[in-house]
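Structure record follows, encoded as structure tokens.
The values are calculated or read from the model by the stated rules, or taken from the named source; none is laboratory data. Remember, predicted model here, so these are calculated numbers, not experimental data. Heads up, the Cβs are rebuilt from the backbone with ideal geometry, glycines too, and the neighbour counts pull from every protein chain shown. Areas reflect the complete protein model, heavy atoms only, side chains present, ligands, DNA and RNA absent. Shrake-Rupley method; radii C 1.70, N 1.55, O 1.52, S 1.80 Å.
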Amino acid sequence: MTGPWWREAVTYEVYVRSFADSDGDGLGDLPGVRSRLPYLAGLGVDAVWVTPFYPSPDHDAGYDVTEHRAVDPRLGTLADVDGLIGDAHRLGLRVLVDLVLNHVSSEHQWFVSARAAGPGSAERARFHVRPGRGPGRAEPPTNWPSIFGGSAWAPFGDGDWYLHLFDTEQPDLRHEHPDVAADALATIRFWLDRGVDGVRFDAAGSLSKDPGYPDLPEGWQPGDPAPYSDRDEVHEIYRRWARELASYPGGRLGVAETWGGPEVLAPYLRPDELGQAFAMDPLYWPLRAQLWRDGVDALLAATGRHGRLPAWVHGSHDVRRAADRWGPHGARAVLLMMLALPGAVYLYAGDELGLPEVTLADEAIRDPVFRRSGGAERGRDGARVPLPWTGDSVPYGFGPTGSTPWLPQPTDWGEVSVARQRDDPGSALALTRAALALRGEWWRDRPAELTWRDAPAECLAFRRGHRGPTCVVNLGDVPVDWRPYGRRLLLASMPTVEEKLPARSAAWLA
């Protein structure tokens, strides 16, 4: 393998609360994850990204943290973390932890003290605090919106307001403050010292805000430049953290959760910054061939300027299931395409099974997005329903028989379980396992440059370099002949491929 281990790694996102429940309390936990590591090794992934397992009141499913260097007792212990890392390494898997350093829980001791201390206090200086506007300072300091809906400011009740780019229970930290900077570095060191192989930085672009707190201009829309996202100053923070990552033997991976196009993620990949930044835009691309070709070229050019490769994201806990976004067949085709492209791939737990998005009853939804939007946005829980492992009834092997998962599972979940798909050669699981095995043989470590081949409308065909296998992707509605692109079919996303590649499918050819 050329370059660092993560350059073209396939990383599997384990959403801890929904992966495997060892004790029957309805929440997935670290012992549950540890028990399923052999499954992940057998699947053929290279690394495991473990979502937050830190103490939290769970207003945002663990992303509201009260202590960054501890384990929520409902989810395990530090000994369980050590055991998980050790087991993973013995199985040939790397481990990434998810650090939430943009904000803390409103129950974090720093914020409890800030609330009690009053305006102008040293305790409030760790947070973004501004006086309100208007009579009695009863209006928010700016027109900044929360990502979860509503205003990004909440009142202390004494004329001061605090910033929360997410929920009100997640106050944003000021990384310019020496206490905040020192604590973040101590947290990174704590987990690196325990042997993790990398860190995923949550809400990576939000760590620096314009100290003038200007209003957003009239007509501003989400996705437009904002004074609280991806500012030049944020890269000073990542350069400091990158030096820490590089100081450990062999170097450790830092990956930024970035949301935006090539111009947004490229600066995080400068030689003195991070190894990866998420390519999230493709999550929302419709199945249109020219859009994908132009987008892939742009991302390869942007990351290539710094000698990096894209980190393609096929799915995550923050978006609808791939089978819902692209359709079941489209999701398989996109996975084969991403696995053939230069770069790393992030696969979300359950997407290897082709799990559908689940429509939950209003009363079952836990996501604060649903509450803050007044029900207009369903939130992300439909992609977070606990996984089906085996059996024909709840909890489908997610937890002990008779336990009740934290989100309700569909009554037909057994039909898409790991056990049901394991021996079915036409299943999504069988395709994913075969693709990961063949990726190492046919695609990994080939030239990073793509050679696009002529293809029918709404189709893509490419090689890496000028020789080797070809990936053909049919994103249209009309079957196409694959034989002009190769003599031998290595793998296809649908079992019905013969002379023709069906609509919304992909194939690897030699």
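For region 74-101, enumerate the residues that are basic (K, R) and more than 20 Å from the chain's Cα centre (by Cα).
R74, R90
So which residues in region 77-105 are open to solvent by 40 Å² or more (accessible area, probe 1.4 Å) and small (G, A, S)? Talk me through it step by step, then tell me what you get.
Step one: filter region 77-105 for residues open to solvent by 40 Å² or more (accessible area, probe 1.4 Å), giving 77-79, 82, 89-92, 94.
Passing the criteria: A79, G92.
Given (1) in contact (Cβ under 8 Å) with a residue 12 or more places away in the chain; (2) closer than 28 Å to D424 by Cβ, identify the lone condition not met by T496.
(1)
State all residues of region 7-40 that are farther than 20 Å from R321 by Cβ and open to solvent by 40 Å² or more (accessible area, probe 1.4 Å); if no residue qualifies, say none. Give the steps one after another, and end with the answer.
Going residue by residue through region 7-40, those that are farther than 20 Å from R321 by Cβ are 7-9, 21-27, 29-35, 37-38.
Scanning region 7-40 gives R7, S22, D23, D25, P31, R34, S35, P38.
Go through region 53-76 and report how many residues are charged (D, E, K, R), surrounded by 20 or more Cβ atoms within 10 Å (Cβ to Cβ) and more than 18 Å from R200 (Cα to Cα). Show your work before the answer.
Taking region 53-76 first, the residues charged (D, E, K, R) are 58, 60, 64, 67, 69, 72, 74.
Next, only the ones that are surrounded by 20 or more Cβ atoms within 10 Å (Cβ to Cβ) stay: 60, 64, 72.
From the residues that got through so far, the ones that are more than 18 Å from R200 (Cα to Cα) too are 72.
Count: 1.
Can you name every residue in region 307-318 that is farther than 23 Å from D297 by Cβ and open to solvent by 10 Å² or more (accessible area, probe 1.4 Å)? Explain how you work it out, then say what you get.
Going through region 307-318, the residues farther than 23 Å from D297 by Cβ turn out to be 316-318.
Hit for region 307-318 is D318, nothing else.
What is the number of the single condition among (1) under 28 Å from the mean Cα position of the chain (by Cα); (2) open to solvent by less than 10 Å² (accessible area, probe 1.4 Å) that I147 does not meet?
(2)
Got a number for residues in region 420-439 being farther than 21 Å from D46 by Cα and open to solvent by 40 Å² or more (accessible area, probe 1.4 Å)? Walk me through how you get there before you give the answer.
As a first pass, look at region 420-439 and keep what is farther than 21 Å from D46 by Cα: 420-421, 423-427.
So of that shortlist, the ones also open to solvent by 40 Å² or more (accessible area, probe 1.4 Å) come out as 420, 423-425.
Adding up the residues that qualify gives 4.
Residues of region 380-393 being in a loop (DSSP other than H, G, I, E, B), open to solvent by less than 30 Å² (accessible area, probe 1.4 Å) and not aliphatic (A, V, I, L, M), which ones? Don't jump to the end; show me each part of the working.
Filtering region 380-393 for residues in a loop (DSSP other than H, G, I, E, B) gives 380, 384-393.
Narrowing the set further to residues that are open to solvent by less than 30 Å² (accessible area, probe 1.4 Å) leaves 384-389.
Within region 380-393, R384, P386, P388, W389 qualify.
Search region 183-206 for residues that are part of a helix (DSSP H, G or I) and pair each with any residue that is open to solvent by 10 Å² or more (accessible area, probe 1.4 Å) and small (G, A, S) when their beta-carbon atoms are under 7 Å apart and the residues are at least 6 apart or on different chains.
Qualifying pairs under 7 Å: G205/S229; S206/S229.
Within region 106-138, which residues are within 19 Å of V180 (Cβ to Cβ), part of a loop (DSSP other than H, G, I, E, B) and of a type outside the set (D, E, K, R)?
Correct list: S106, H108, G120, S121, A122, H128.
Looking at (1) without any contact (Cβ under 8 Å) to a residue 60 or more places away in the chain; (2) more than 27 Å from the chain's Cα centre (by Cα); (3) crowded, with 21+ Cβ neighbours inside 10 Å, which is the only condition P141 fails?
(1)
Looking at (1) buried (at least 16 other Cβ atoms within 10 Å of the Cβ); (2) touching a residue at least 24 places away in the same chain (Cβ under 8 Å); (3) closer than 27 Å to A256 by Cα, find the lone condition where D160 falls short.
(3)
If I ask for residues that are open to solvent by less than 30 Å² (accessible area, probe 1.4 Å) and part of a helix (DSSP H, G or I), which ones from region 394-418 would you list?
W413, G414, V418
For (1) under 26 Å from the mean Cα position of the chain (by Cα); (2) under 30 Å from A20 (Cβ atoms); (3) among the β-branched types (V, I, T), each residue gets a yes or a no:
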{"position": "L407", "(1), (2), (3)": "yes, yes, no"}
{"position": "D412", "(1), (2), (3)": "no, yes, no"}
{"position": "V416", "(1), (2), (3)": "yes, yes, yes"}
{"position": "S427", "(1), (2), (3)": "yes, yes, no"}
{"position": "L431", "(1), (2), (3)": "yes, yes, no"}
{"position": "E449", "(1), (2), (3)": "yes, no, no"}
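Test each condition in (1) assigned to a loop (DSSP other than H, G, I, E, B); (2) on the phi < 0 side of the Ramachandran plot; (3) touching a residue at least 60 places away in the same chain (Cβ under 8 Å) for E176 and report the one that comes out false.
Only one criterion is unmet by E176, namely (3).
Restricting to region 176-193, what's the tally of residues that are under 29 Å from R366 (Cβ atoms) and open to solvent by 10 Å² or more (accessible area, probe 1.4 Å)?
Residues flagged as under 29 Å from R366 (Cβ atoms) and open to solvent by 10 Å² or more (accessible area, probe 1.4 Å) within region 176-193 amount to 2.
Please go through (1) of a type in the set (D, E); (2) farther than 18 Å from L216 by Cβ; (3) open to solvent by less than 10 Å² (accessible area, probe 1.4 Å) for E169 and return the number of the only condition it doesn't satisfy.
E169 satisfies every listed condition except (3).
What are the residues in region 273-302 that are over 20 Å from L335 (Cβ atoms) and surrounded by 19 or more Cβ atoms within 10 Å (Cβ to Cβ), if any?
Within region 273-302, E273, L274, G275, A277, A302 meet the criteria.
Among the residues of region 85-100, how many are in a loop (DSSP other than H, G, I, E, B) and either in contact with a Phe, Trp or Tyr (Cβ under 7 Å, 6 or more places away or on another chain) or within 18 Å of W153 (Cα to Cα) (or both)? Let's see the steps before the verdict.
Going through region 85-100, the residues in a loop (DSSP other than H, G, I, E, B) turn out to be 91-93, 100.
From the residues that got through so far, the ones that are either in contact with a Phe, Trp or Tyr (Cβ under 7 Å, 6 or more places away or on another chain) or within 18 Å of W153 (Cα to Cα) (or both) too are 100.
The number of residues fulfilling the criteria is 1.
Cβ contacts < 7 Å: first residue among the acidic types (D, E), restricted to region 104-115; second residue surrounded by fewer than 23 Cβ atoms within 10 Å (Cβ to Cβ), any location; separation 6+ or different chain. Result?
E107/P57; E107/T66
Taking region 361-379 only, how many residues are open to solvent by 70 Å² or more (accessible area, probe 1.4 Å) and either hydroxyl-bearing (S, T, Y) or under 22 Å from D64 (Cα atoms) (or both)?
As a first pass, look at region 361-379 and keep what is open to solvent by 70 Å² or more (accessible area, probe 1.4 Å): 362-363, 366, 371, 374, 376-378.
Now narrow it down to the ones that are either hydroxyl-bearing (S, T, Y) or under 22 Å from D64 (Cα atoms) (or both): 363, 366, 371, 374, 377-378.
Residues flagged as open to solvent by 70 Å² or more (accessible area, probe 1.4 Å) and either hydroxyl-bearing (S, T, Y) or under 22 Å from D64 (Cα atoms) (or both) within region 361-379 amount to 6.
Just to be sure, is P225 assigned to a loop (DSSP other than H, G, I, E, B), without any contact (Cβ under 8 Å) to a residue 12 or more places away in the chain and either hydrophobic (A, V, I, L, M, F, W, C) or surrounded by fewer than 19 Cβ atoms within 10 Å (Cβ to Cβ) (or both)? Give the steps one after another, and end with the answer.
On the way: assigned to a loop (DSSP other than H, G, I, E, B): yes; without any contact (Cβ under 8 Å) to a residue 12 or more places away in the chain: yes; either hydrophobic (A, V, I, L, M, F, W, C) or surrounded by fewer than 19 Cβ atoms within 10 Å (Cβ to Cβ) (or both): yes.
Considered against the rule, which asks whether it is assigned to a loop (DSSP other than H, G, I, E, B), without any contact (Cβ under 8 Å) to a residue 12 or more places away in the chain and either hydrophobic (A, V, I, L, M, F, W, C) or surrounded by fewer than 19 Cβ atoms within 10 Å (Cβ to Cβ) (or both), P225 comes out as yes.
Which numbered condition in (1) without any contact (Cβ under 8 Å) to a residue 12 or more places away in the chain; (2) over 28 Å from G343 (Cβ atoms); (3) assigned to a loop (DSSP other than H, G, I, E, B); (4) not small (G, A, S) is the only one that R467 fails?
Of (1) without any contact (Cβ under 8 Å) to a residue 12 or more places away in the chain; (2) over 28 Å from G343 (Cβ atoms); (3) assigned to a loop (DSSP other than H, G, I, E, B); (4) not small (G, A, S), only one is false for R467: (2).
Give me a count of the residues in region 41-52 that are in a loop (DSSP other than H, G, I, E, B) and either free of Cβ contacts under 8 Å to residues at least 12 places away in the same chain or open to solvent by 30 Å² or more (accessible area, probe 1.4 Å) (or both).
Just the residues of region 41-52 that are in a loop (DSSP other than H, G, I, E, B), to begin with: 44-46, 51-52.
Remaining after also requiring either free of Cβ contacts under 8 Å to residues at least 12 places away in the same chain or open to solvent by 30 Å² or more (accessible area, probe 1.4 Å) (or both): 44, 46.
Counting residues in region 41-52 that are in a loop (DSSP other than H, G, I, E, B) and either free of Cβ contacts under 8 Å to residues at least 12 places away in the same chain or open to solvent by 30 Å² or more (accessible area, probe 1.4 Å) (or both) gives 2.
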